[in-house]
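Peer 1: Pasting in a structure now, in structure tokens, and then I'll have a few things to ask.
The values are calculated or read from the model by the stated rules, or taken from the named source; none is laboratory data. Computed from a prediction, not measured in an experiment: that's the story for all the values here. Neighbour counts are summed over all protein chains in view; Cβ atoms, including those assigned to glycine, are modelled from backbone coordinates with ideal geometry. Surface areas here come from the heavy atoms of the whole protein model, side chains and all, with no ligands, DNA or RNA. Shrake-Rupley method; radii C 1.70, N 1.55, O 1.52, S 1.80 Å.
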Amino acid sequence: MPSFSMDNMVSILPEMIVLSLALAVLMFDLALPKDEKRYLAYFSVAGLAIAGYQTMNLAGLQLDTFYGMFVLDGYAIFFKVLFYIAAAIAILISIGYVKGQEMDKGEYYALILFATAGMMVMASGADLISIYLGLELMALSVYILAGFMRGSMKSNEAALKYFLLGAFSSGILLYGIAIIYGVTGTTNLAGIAAFIQSGQYSGPALTLAMILLVAGFGFKVAAVPFHMWVPDVYEGAPTSVTAFMSVGPKAAGFAAFLRVFTTALPGIQPDWTVIIASLAIMSMLIGNVVAISQTNIKRMLAYSSIAHAGYAMVGFVSGGMQGVSSVMMYLFIYMFMNLGAFGMVVMLRKDGVAGEELKDFAGLAKKNRTAALLMMVFMFSLAGIPPTAGFMGKFYVFMAAIDAGFTWLAIIGVMMSAVSAYFYLRVIMYMYMKEPEGEFELAAPLSLKLAMAVAVLGVLYIGMAPAGLIDFARISIAGMM
Amino acid sequence: MVPLNWYIALSAAVFCIGVAGVLSRRNIIIIFLSIELILNSVNILLVAYSHFLNSMRGQVFVFFIMAVAAAEAAIGLAIIIALYRNKETVLTDEINLMKW
């Protein structure tokens, strides 16, 4: 067992930076006048850049610290980089939006940073206790963010639904953890794997615990049948929060989900492969089919996010180095394209008009070519049309599935992507082939433009030159597999 | 000495009561209480296992769960109060702005 040493401090350096950043934001908030809160956002983004730089400096290390509770490996670093970018883009999207919605408070940025710290702990947790703590830190912060528009009944309702179902699902997750602890005598992931490997126990309790864990994590990644909260919460929460929520917690959920199942439970892989494969099929099916009938664009993107969880799970089921790296890539790509799509919804927000309905996009191309073009790139990417990154993500996920012998799963995935093209391309049809109904005044401050530029460059660059991201993902998990 | 199975049965019973409460009740406060019941059933289970396995890990975990449950209660009640200020109800079927 590793002892307490200086390594411990090194391994939690990124978390420390983000947490101190969040606390500093809370303190500076007191000193800033009411309408100057945007400086906190710039400060947070700068801090996240520093954290990212420090984290990249730690790349290549393989530290197992805090008595096996916390690891810093390539896998954790990959996800931490993802979380920094997601949080930074989400903050940039927020600056103009929060001002218009009267939620221009310093706590908003602090909560995003606290949620980011929680997600980082989830990605690094090597013990069910630390994973649970990270998960709760993330979830509790996001519950508040979802209800941040206190005067809006919709936002209240979203926060309440998210909170009740989230607390319920983490209770179920905990029950699974408790059973695993009872059976194996430990909560350490490596210890659990060693116990299962030794073959001392072969009863149904482990399978029951595994099912409870799938339910708990399935809720966080928004997989069917644990998806009922997603459309309501995504629709009701402030759009900038929805943007963050749809990529950060989902990626963090997958990070912990993958680590727990591939390092602690490989001994019962045949059991969970069946369950996760059926979850993947249901998510792709229900997510894509129900999205067709949506007229609210946030709700449509919510169902699309369910479907994307299904695609990522196809890679998960495939397992092995190729499968896991394809999921990581997929989440990275999904982050850019989904933040981009929600950023466009934020941009459409005019005085008095929410800009959340599909018809609000009608004729956008005639009024603002650039905005329509950007939205088109994001929609193409979500649908998985080359040369965008979404195509590359799906390509590697389905290739991993075929190589692992799950050809039928890949076929279902491809068929469902074809279905999804219908509702993604419908947005493009509205923008380019309909007449505008009213005047467009896009709310696009410089920060939002910058965020959109980063997102679209990410989508196009990864779509045309994916080699860098593939290498990053493969090197990251070299030590884990 | 109470055998371990009794603790497991107690915990499973409390867990089922909690789940049934979440699924069947309409009052948000009662649903919230049921969620706390689920967390407490986990605590019973962890402490019992910890005792019979001679391992402190479970009891340490219980402290973490209690701390998180306290934070969760604070946030949950805050959300309920924020909602109550806009619409004076604590019944789930009256909170129905969004439906598919």
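Peer 1: Taking each residue of B:53-62 in turn, how many C-beta atoms of other protein chains fall within 10 Å of its C-beta, and what is the average?
Peer 2: Mean partner shielding for this stretch: 4.
Peer 1: If you don't mind, there's one more thing I want to ask. Over what distance in Å are the Cα centres of segment A:436-481 and segment A:254-295 separated?
Peer 2: Taking the Cα centre of each part, segment A:436-481 and segment A:254-295 sit 25 Å apart.
Peer 1: Just to verify a number: FRET efficiency for A:Glu441 and B:Gln59, C-beta to C-beta distance, R0 = 51 Å, to 0.05?
Peer 2: After rounding, the FRET efficiency stands at 0.30.
Peer 1: Put +1 on the Cβ of each Lys and Arg and -1 on the Cβ of each Asp and Glu in the protein assembly as shown; which of A:Ala389, A:Val81, A:Val324 then has its Cα farthest toward the positive end of the dipole?
Peer 2: A:Ala389
Peer 1: Counting pairs of alpha carbon atoms under 8 Å apart in space and at least six apart in sequence, what relative contact order in percent does chain A give?
Peer 2: Once normalised by length, the contact order is 15 percent.
Peer 1: Quick check on packing: order A:81-92, A:328-339 by the mean number of other C-beta atoms within 10 Å, highest mean leading. Intermediate values should be presented prior to the final figure.
Peer 2: Values: A:81-92: 25.6, A:328-339: 27.2.
Descending mean neighbour count gives A:328-339, A:81-92.
Peer 1: Please say if segment A:193-320 is rounded, prolate or oblate, where rounded means a/c under 1.5 for a ≥ b ≥ c the square roots of the C-alpha gyration tensor eigenvalues, and otherwise the choice is prolate for a/b larger than b/c and oblate otherwise?
Peer 2: Taking the square roots of the gyration eigenvalues as a ≥ b ≥ c, segment A:193-320 is prolate.
Peer 1: Next up: Rounding to the nearest 20 debye, state how big the charge dipole of chain A is about its Cα centre with +1 on each Lys and Arg Cβ and -1 on each Asp and Glu Cβ. Mind dumping the intermediate values first?
Peer 2: Working: 25 positive and 26 negative charges, 152 e Å.
That gives a dipole near 720 debye.
Peer 1: More than 43 angstrom separation, counting every C-alpha pair in the protein assembly as shown; what % is that?
Peer 2: Looking at the protein assembly as shown, the distances longer than 43 Å represent 14 percent of pairs.
Peer 1: Only Lys, Arg, Asp and Glu count, each charged at its Cβ (+1, +1, -1, -1), so figure out the dipole size of segment A:328-394 about its Cα centre, rounded to 20 debye.
Peer 2: Roughly 200 debye, rounded to the nearest 20.
Peer 1: Among rounded, prolate and oblate, which fits segment B:4-87 when a ≥ b ≥ c are the square roots of the eigenvalues of its C-alpha gyration tensor, a/c under 1.5 means rounded, and a/b larger than b/c means prolate?
Peer 2: Working: a/c = 6.65, a/b = 1.77, b/c = 3.75.
Note, shape of segment B:4-87 comes out oblate.
Peer 1: Rolling a 1.4 Å sphere over the protein heavy atoms, what is the accessible area per residue of segment A:267-481, to the nearest Å²?
Peer 2: I get 36 Å² per residue for this part.
Peer 1: Could you order peptides A:317-323, A:342-348, A:280-286 by the average number of other Cβ atoms within 10 Å of their residues, highest first?
Peer 2: A:342-348, A:280-286, A:317-323
Peer 1: Let me ask something else. For segment A:267-481, what is the relative contact order in percent, using Cα pairs closer than 8 Å and at least 6 residues apart in sequence?
Peer 2: 29
Peer 1: What shape does segment A:423-467 have by the C-alpha gyration tensor, where a ≥ b ≥ c are the square roots of the eigenvalues, rounded means a/c under 1.5, and otherwise prolate means a/b greater than b/c and oblate the rest?
Peer 2: oblate
Peer 1: Another one. Going by amide H atoms built from the backbone, whose H comes under 5 Å of the H on B:Lys87, apart from near neighbours?
Peer 2: Amide H neighbours of B:Lys87: none.
Peer 1: Let me ask something else about it. For chain A, find the longest principal axis of its Cα atoms and tell me its angle to the long axis of helix A:389-403, 0 to 90°, nearest 10.
Peer 2: Compared with the principal axis, the helix lies near 30 degrees.
Peer 1: Considering the dipole of the protein assembly as shown built from charges on the beta carbon (Lys and Arg +1, Asp and Glu -1) around the Cα centre, which of B:Tyr7, A:Met9, A:Gly315 is farthest to its positive end?
Peer 2: A:Gly315
Peer 1: Then there's this: Using a 10 Å cut-off around each Cβ of peptide A:149-159, what is the average number of partner chain Cβ atoms that fall inside? Walk me through the numbers before you get to the answer.
Peer 2: Working: counts 1, 6, 3, 3, 5, 3, 3, 11, 8, 3, 7.
Other-chain Cβ atoms within 10 Å of each residue's Cβ, averaged: 5.
Peer 1: Quick one: buried accessible area between A and B, total over both chains, 1.4 angstrom probe, nearest 100 Å²?
Peer 2: 3900
Peer 1: Averaged across the residues of A:130-142, what count of C-beta atoms belonging to other chains lies within 10 Å of each residue's C-beta?
Peer 2: So the per-residue partner count for this stretch is 2.
Peer 1: For the ranges B:26-37, A:293-304, what's the packing order if you count other beta-carbon atoms within 10 Å of each residue, average per peptide, and put the highest first?
Peer 2: Result, highest mean first: A:293-304, B:26-37.
Peer 1: Quick one: which residues, 5 or more positions from A:Phe70 or on another chain, have an amide H under 5 Å from its amide H? H modelled 1.01 Å from N in the peptide plane, none for Pro or chain starts.
Peer 2: For A:Phe70, the qualifying residues are A:Thr65, A:Ala126.
Peer 1: Just add up the charged neighbours of A:Ala252: K/R +1, D/E -1, any other residue whose Cβ is under 14 Å from the Cβ of A:Ala252.
Peer 2: Every neighbour counted, the sum reads +2.
Peer 1: Using helices alone, what [θ] at 222 nm do you get for chain A, with -39,500 (n - 2.57) per DSSP H run of 4 or more residues, divided over all residues and rounded to the nearest 500? Intermediate results must be reported in sequence, preceding the final value.
Peer 2: Details: 20 runs with 362 residues, N = 481.
Only helices count here, giving -25500 deg cm²/dmol.
Peer 1: In whole percent, how big is the carbon plus sulfur part of the accessible area of the protein assembly as shown, probe 1.4 Å, protein atoms only?
Peer 2: The computed percentage sits at 68.
Peer 1: Further question on the same structure: What angle, in degrees between 0 and 90 and rounded to the nearest 10, separates the Cα long axis of helix A:269-292 from the longest principal axis of the Cα atoms of chain A?
Peer 2: The two axes meet at around 10 degrees.
Peer 1: What whole-number distance in Å separates the alpha-carbon centres of segment A:175-212 and segment A:355-425?
Peer 2: 39
Peer 1: Right, here's the next one. Which whole-number percentage describes the relative contact order of chain B, with Cα contacts under 8 Å and a sequence gap of 6 or more?
Peer 2: That works out to 27 percent.
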